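One structure below.
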Amino acid sequence: SIAILLYLVQKFKTPDHWYPSDLQKRARVDEYLSWQHANIRAKGSKLFLTKVLLPLLTGQPLPPEKLEFATEELNVALKQFEEKFLQDKPFIAGSEISLADLVALVELMQVSTSPSSAGY
């Protein structure tokens with residue numbers, strides 16, 4: 001969880017880039033950590049539920065328009081992520097990796113490697 005990650009970086013002497021001491025960079029990390037819950041995570045979870053879990057539970061495929069809507073919602077969140085957070089930078093808070101990037105990677109990998117992306 002985000003709370004555990006923040007606890008760990010503050011308890012142990014981790015390199016500054018993980019949770020920057022620079023207030024502007026830290027605010028950028030915090031902004032993403034707050035934003036991702038209702039966007040990347042929520043939309044990715046909805047797509048997984050729609051495409052994989054509900055058909056498994058019900059034994060029925062969902063109407064294509066419901067799947068299309070969930071996919072489009074995730075695509076909008078991914079576009080916002082690219083435009084608002086990455087822009088033309090290699091990482092969310094600038095030129096070095098941070099907790100925000102670590103969390104983003106985990107969320108994005110779940111969407112790209114889930115059974116839903118493998119055609120199940």
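Look at (1) open to solvent by less than 50 Å² (accessible area, probe 1.4 Å); (2) in contact with a strand residue (DSSP E or B) (Cβ under 9 Å, 6 or more places away or on another chain) and you find that Y19 fails only one, number (2). Restricting attention to the range 1-27, the residues that are under 28 Å from T71 (Cβ atoms) and part of a helix (DSSP H, G or I) total 1. At least 1 residues being aromatic (F, W, Y) and modelled with pLDDT under 95 is the threshold, and among the helices (runs of 4 or more DSSP H) wholly inside the range 33-86 those reaching it are 42-48, 64-80. Within the range 96-110, does at least one residue satisfy the condition of being open to solvent by 70 Å² or more (accessible area, probe 1.4 Å), modelled with pLDDT of 95 or more and under 30 Å from S21 (Cβ atoms)? There is at least one residue in the range 96-110 that is open to solvent by 70 Å² or more (accessible area, probe 1.4 Å), modelled with pLDDT of 95 or more and under 30 Å from S21 (Cβ atoms).
Of the residues making up the range 60-95, those that are closer than 30 Å to P15 by Cβ and either touching a Ser or Thr at 6+ places or on another chain (Cβ under 9 Å) or open to solvent by 60 Å² or more (accessible area, probe 1.4 Å) (or both) number 11. Across the range 37-59, a minimum of one residue is classified as under 25 Å from Y7 (Cα atoms), open to solvent by less than 50 Å² (accessible area, probe 1.4 Å), in contact (Cβ under 8 Å) with a residue 40 or more places away in the chain and out of contact with any Lys or Arg (no Cβ under 7 Å at 6 or more places or on another chain).
The values are calculated or read from the model by the stated rules, or taken from the named source; none is laboratory data. Owing to the predicted nature of the structure, the values given are computational and were not obtained by experimental measurement. Here Cβ is always computed from backbone atoms with ideal geometry, including for glycine, and neighbour counts include all displayed protein chains. Heavy atoms of the whole protein, side chains included, go into the accessibility calculation; ligands, DNA and RNA do not. Shrake-Rupley method; radii C 1.70, N 1.55, O 1.52, S 1.80 Å.
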